[in-house]
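Let me begin by presenting the structure, written as structure tokens, before commenting on it.
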Amino acid sequence: MNHVLITGASAGIGEAFARQLAEQGEHLILVARRRDRLDAIADDVRRAHGVTVQTLAADLTRADGVNQVIERIEHEDWGIKGLINNAGFGERGAFADLDHGRQMDMVQVNVNTVVDFTHRLIPRLREASDAFILNVASLASFQAGPQMTSYYATKAFVLIFSESLHEELKAEGIHVSCLCPGPTQTEFADKADLAGSLLFRMGTMTADDVARIGLARRHKAVVIPGFRNWLLAVLAQMSPRLVVRRLAGLLHK
Ligand SMILES: NC(=O)c1ccc[n+]([C@@H]2O[C@H](COP(=O)([O-])OP(=O)(O)OC[C@H]3O[C@@H](n4cnc5c(N)ncnc54)[C@H](OP(=O)(O)O)[C@@H]3O)[C@@H](O)[C@H]2O)c1
């Protein structure tokens, strides 16, 4: 039986992916730290849609977090038709003042985990038809972001990684897509200390809408949900870098 594996499925955009894919009849493997949340979502969607859902609690800041998940997949010999690298977090503040361990954890979850899962699951994706990899980056991927320095850099990595992989794997029929949401109503802003920022006060999308657009366009290399977000990404790429990075710094205030 083939599954879609979703990281960060216990809340926000990841939870929305899980509920929408279950509605489409997909079998799921849900990964995050909060097992109670994963189990509650799994119970809901099993009852509503009759799909198979596996929940694997793993802390992806730990190097062995990915190992635990991969070992279980190999042990059970679960097929994988989709990989959604969604788990991630950000943190607002001056880089030099932020906690060293949390910055390292951010790089681990937002970057290393994406590379690790992707490389280790490609062999299984190759065995499925119409397979896909959907990596969740951000509008932050298109520019520098003072006061969120590491976060913007991690998301730039995800965008470039995904675009290159899109070209490499398309001949094999594996769609690789990078979803770049703007401000979205999830737990993200509170955890990143961004809730009161100008960026989030300017307007947000729902996690449901972001996930729906991401899934519908998962054959495209880069997906920016929402017209306003698309416009911001285009302007960021056309304007002088000095202007763009200074504006980004203001939006985090
Ligand atoms: N919301 C926004 O405005 C926005 C905008 C652009 C991009 N994004 C990106 O969208 C993705 C999803 O974020 P969201 O907005 O849905 O935020 P969220 O509501 O905070 O959800 C984040 C998910 O990631 C999981 N996660 C975080 N750290 C983890 C760890 N160490 N190990 C395992 N799982 C971990 C969380 O689960 P546990 O806490 O249970 O582990 C949760 O399921 C992220 O990559 C984020 O960077 C968000």
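The values are calculated or read from the model by the stated rules, or taken from the named source; none is laboratory data. Since the structure is predicted, the reported quantities are computational estimates derived from the model, not experimental observations. Glycine also receives a Cβ, built like all others from the backbone with ideal geometry; neighbour counts cover every protein chain displayed. The protein model used for the area step is the full one, side chains on, heavy atoms only, and it has no ligands, DNA or RNA in it. Shrake-Rupley method; radii C 1.70, N 1.55, O 1.52, S 1.80 Å.
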Original post:
Considering the chain as a Gaussian network with a 10 Å cut-off on Cα pairs, which listed residue, 45, 234, 69, attains the greatest mean-square fluctuation?
Top reply: 234
**OP:** Give the residues of the range 80-108 whose amide nitrogen is closer than 13 Å to a point set 7 Å from the Cα of residue 24 in the direction of its Cβ.
**Re:** 81-84
Original post:
In square angstrom, rounded to the nearest 10, how much accessible surface does residue 227 have for a 1.4 Å probe?
Top reply: 150
**OP:** Return the single residue from 215, 21, 198 with maximal mean-square fluctuation; model: Gaussian network over the chain, springs between Cα atoms under 10 Å.
**Re:** 198
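Just reorder 138, 129, 239 by solvent-accessible area, largest first, 1.4 Å probe, all chains present.
129, 239, 138
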**OP:** Could you tell me whether the range 99-144 comes out rounded, prolate or oblate from its Cα gyration tensor? Rule is a ≥ b ≥ c as square roots of the eigenvalues, rounded for a/c under 1.5, then prolate if a/b exceeds b/c, otherwise oblate.
**Re:** oblate
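Sorted by packing (mean other beta-carbon atoms within 10 Å per residue), highest first, where do 71-78, 245-252 land? Intermediate results must be reported in sequence, preceding the final value.
Values: 71-78: 12.8, 245-252: 15.9.
Descending mean neighbour count gives 245-252, 71-78.
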Original post:
Hey, with R₀ at 30 Å, roughly what FRET efficiency would residue 219 and residue 185 work out to, going by the Cβ-Cβ distance, to 0.05?
Top reply: 0.70
Subject >> Under 26 Å between alpha carbons - lysine pairs in the chain that sit 8 or more apart or on different chains >> reply: 9
**OP:** Just check the range 159-253 against the gyration tensor rule for me: Cα atoms, a ≥ b ≥ c as the square roots of the eigenvalues, rounded for a/c under 1.5, and otherwise prolate or oblate depending on whether a/b exceeds b/c.
**Re:** oblate
Subject >> Candidates 211, 137, 195: whichever shows maximal mean-square fluctuation once the chain is modelled as a Gaussian network with Cα springs under 10 Å >> reply: 195
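Per residue of the chain, what 222 nm ellipticity follows from adding -39500 (n - 2.57) for every DSSP H run with n ≥ 4, rounded to the nearest 500?
Details: 11 runs with 125 residues, N = 253.
Taking each H run of at least 4 residues, the total per residue is -15000 deg cm²/dmol.
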Subject >> Evaluated over the chain, the Cα radius of gyration and Dmax, each in Å >> reply: 17.5, 52
**OP:** Rank-order 219-226, 143-150, 175-182 by packing density, defined as the average count of other C-beta atoms within 10 Å over each peptide's residues, highest first.
**Re:** 175-182, 143-150, 219-226
Original post:
Ignoring ligands, DNA and RNA, what percent of the accessible area of the chain is carbon or sulfur (1.4 Å)?
Top reply: 52
